[in-house]
Amino acid sequence: MNSQGHEKGDRSRAQRSTGNHWRYGLFSCFGEVGTCCFSCFCPCMSFAKNKKRLDHLQDKGSSDPEHGGSGCNSDCCFHFGLTLCCGLGWVLQLGTRGALRARRHIEGNPCNDCLAAFFCTPCELTQESRELGCEENSQNPSIEVT
């Protein structure tokens with residue numbers, strides 16, 4: 001332990017785990033056209049799939065064998081309802097994006113997350129899907145990256 005009460009390894013672990021960037025830029029969403037189109041026309045389902053994949057990674061420590069399933073679940077319904085009633089479905093994406101950034105130690109802040117979700121929902125959802133795909137693929141190379 002050092003004079004500040006922290007173990008020496010804590011600081012080096014924190015330094016190693018900060019400063020990562022998204023593997024794909026926000027506007028490289030057209031690199032995965034299928035996911036981008038799906039996110040454009042069915043953002044509630046894309047959100048639900050991403051959330052399920054992230055939850056599975058966090059809870060089980062492994063990739064979701066259903067790759068997010070169909071996307072038709074309570075998260076999808078809640079997103080759809082908020083979007084339909086008051087145009088605020090994108091707000092739900094902030095939690096998932098923040099959790100993914102924290103998990104992958106990606107630089108960013110809630111303000112940037114908010115801007116990305118509000119102004120470019122399809123690109124934001126595609127970027128998250130691709131980031132999740134990279135992590136899933138690193139755990140199981142037989143999974144296709146999306």
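Of note:
- Matching entry among CYS111, CYS77 (being loosely packed, with under 13 Cβ neighbours inside 10 Å and over 18 Å from ASN50 (Cβ atoms)): CYS111
- Selection status of CYS86, buried (at least 19 other Cβ atoms within 10 Å of the Cβ) and over 14 Å from the mean Cα position of the chain (by Cα): no
- Residues that are part of a helix (DSSP H, G or I) and either at pLDDT 75 or above or closer than 18 Å to SER138 by Cα (or both) within region 3-28 comprise just one, SER17.
- Selection count, region 25-76, where residues are in contact with an Asp or Glu (Cβ under 7 Å, 6 or more places away or on another chain) and under 11 Å from CYS123 (Cα atoms): 1
The values are calculated or read from the model by the stated rules, or taken from the named source; none is laboratory data. Since this is a predicted model, take the numbers as computed values, not measurements. Note that each Cβ is placed from the backbone with ideal geometry, even for glycine, and that neighbours are counted across all protein chains shown.
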